[in-house]
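Just so you know, all these numbers are worked out from the coordinates, no wet-lab data involved. Small disclaimer: the values here were computed from a predicted structure and weren't measured. Cβ placement follows ideal geometry from the backbone for every residue including glycine, while neighbour counts extend to all protein chains displayed.
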Amino acid sequence: MNSLKVLDVTLRDGGCVNDFNFGQAYMESVLCALEKSRVDIIELGYIDAEKGSEKGRTQFINDQVITQHFLRSKKAGVTYVAMMDYDKFDLDNLQQRLESSIDGIRMAFHKNNCFDIISAGKKIIDKGYKFFIQPMTIMRYSDKELIEFIEKVNQELPDATAFYIVDSFGEMRMNDMNRILNLVDHNLLSSMTIGFHSHNNLQLSYSNAVTFLQFPTNRNLILDCSIMGMGKGAGNLNTELFLEHLNLYYDKKYQITPLLEVIDKVINVIHNEMYWGYSVEYYLSSVNHCTPNYAGYFYQKHMLPVNQVAELLGMICDDKRNSFDKDYAEKLYQTYNSNKSFDDVNTIKKLQEKFINKRVVVIAPGKNVIRHIDNIEALIKEEDVVSVSLNNFKIFDTDYIFTTRKDAYNTAVNAGKMIIAPSSVTTDSMESIYVIDYKKWIVVDGETQDSSGVMIINLLKKCNVKEIFLAGFDGFSVNINENYYDITMRIPVTEKQAIMRNEFYREFLSKISKDIKITFLTESKYV
């Protein structure tokens, strides 16, 4: 290579973690640390006319507010850039570049818009900015399509600063790197820089970056990274780690200490509140070549086991893989479960005979039941009471186990328990196992809500019970140690997820209580 520059994306890609809500003080701390580290190029954030803000966030309403409220002075030798998605900002509103302005625009786009960005690039260059071409999910291009696009760039945008290899889903391996690098290097104008932006779904960002640096070329290179890998999903290449590598093996003089200090004071604080980094769902997203938002949706909303998440990701249509579509994801989930239907008419009749006009105690595995064991035990022993445990029966010997989890179902079968289970778990109806139609009991106000609590309460309403007592319906906390008395049931949730689930249950139970008396036996966030 001729020269290498490092481009830090913490304020932009890192903003995908916290919805760009760094706050002005944290924004300035990160910027100051990057300037002190001598990073070559700093990406300040997104420009988005619809979702942007004037200050306090790194998603900006236009380019002017960046210099008005954030980049008040520029350090010599540093290039300052911002990203915009194709068609998310009217380029007629982009001001002519001044010495005090940002220096460049990085434009991200999907394959179906690749030729449309030519005119956008010309406008940006004509206004005095460096223009960086960022084709997202470059692995979706065939060799022929990529060469045709590069040839168009050569003809129409010869003054563009850089052409990027963007591994949006963190799916590239060394052979992919070498194939695409050879294609781009062989066909792109020699005057144009090649950049590489990775995600760490397969934990290959570092090794792919090394492969990128070792590629035999005489052209300039740019490598993207972020402090502590902060970025969407599995995150990015770590700036502090790779600068150290460059200092050791490429005789660079980057300063690592300012980055470590801002990690200690800023990035760690954010990381404690909002997670990024490797997880199984991001791995599954990568190997299924789709945006990680689908895996997150299936895993977090429906709390599915990973094998079912993998099956669902494999069902996603090619034209839906690049961008998350919530409505499509929900329809796909319902389609996935359509083969799990079960004629439960006779089952419901039998259950109605067992539950009609009864007082029913439903015991969820919330931690608060520990403090009320004696009271709960006394109640479930009363003559007109029927008791049901949800997915766990380690503490209470209840009349029935209602389970939506295969592992809990198997444990209950082996223990000889009376079981109520949806057809998503089993279709083996027998004297001790009551199978209900999964699809019938999961819809609330038109949305799929297939938690065990929702399903059993819907079922009890159908059975015309007299009163429902709820124990262990604690509600969700970001502290997973507070959610379940059985640590094997713990599933991490974000603050946003906890709030959404608590609000849903609060509204759901409020509606049910208009028809059936509901009494909480233990403390709950749903009250």
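Details
- For residue 419, the residues 5 or more places off, or on other chains, whose built amide H falls under 5 Å of its own are 401, 433, 434.
- Relative contact order %, segment 369-474, counting alpha carbon pairs below 8 Å whose residues are six or more apart: 17 percent
- With R₀ set to 51 Å, the beta-carbon distance separating residue 320 from residue 382 gives a calculated FRET efficiency near 0.45.
- Mean residue ellipticity (222 nm) of the chain, computed from DSSP H runs ≥ 4 via -39,500 (n - 2.57), nearest 500: -10500 deg cm²/dmol
- Relative contact order for the chain, counting Cα pairs under 8 Å that sit 6 or more residues apart, in percent: 11 percent
- Order of 376, 256 under a 10 Å beta carbon neighbour criterion, fewest first: 256, 376
- Separation of alpha-carbon centers, segment 346-407 and segment 5-34, rounded to whole Å: 50 Å
- Straight-line cross-link reach from residue 358 at under 12 Å between alpha-carbon atoms covers these aspartates and glutamates, not counting any fewer than eight positions away in the same chain: 382, 383, 384, 467.
- With a simple spin-label model that places each label point 7 Å from the Cα along the Cα-to-Cβ direction, the separation between residue 373 and residue 462 comes to 3.5 nm.
- For segment 183-201 versus segment 48-110, the gap between their alpha-carbon centres in whole angstrom: 23 Å
- Of the chymotrypsin sites (Phe, Trp or Tyr not before Pro) in segment 257-292, the ones in a loop by DSSP (not H, G, I, E or B) with at most 14 other beta carbons within 10 Å are 275.
- When the chymotrypsin sites (Phe, Trp or Tyr not before Pro) in segment 216-262 are filtered for DSSP coil states and for at most 16 other beta-carbon atoms within 10 Å of their beta-carbon, the remaining sites are 250.
- Footprinting exposure proxy ranking of 317, 16, 114, 290, fewest other C-beta atoms within 10 angstrom first, gives 317, 16, 114, 290.
- Sorted largest first, the principal axis extents computed over the alpha-carbon atoms of segment 280-336 equal 25, 23, 15 Å.
- Candidates per GluC sites (Glu not before Pro) in segment 362-446, loop by DSSP, up to 16 other Cβ within 10 Å: 382, 383, 431
- Extension gain, residue 207-residue 25: 0.36 nm per intervening residue step, less the Cα-Cα distance, totals 62.1 nm.
- Relative contact order [Cα under 8 Å, 6+ residues apart], segment 341-520, whole percent: 27 percent
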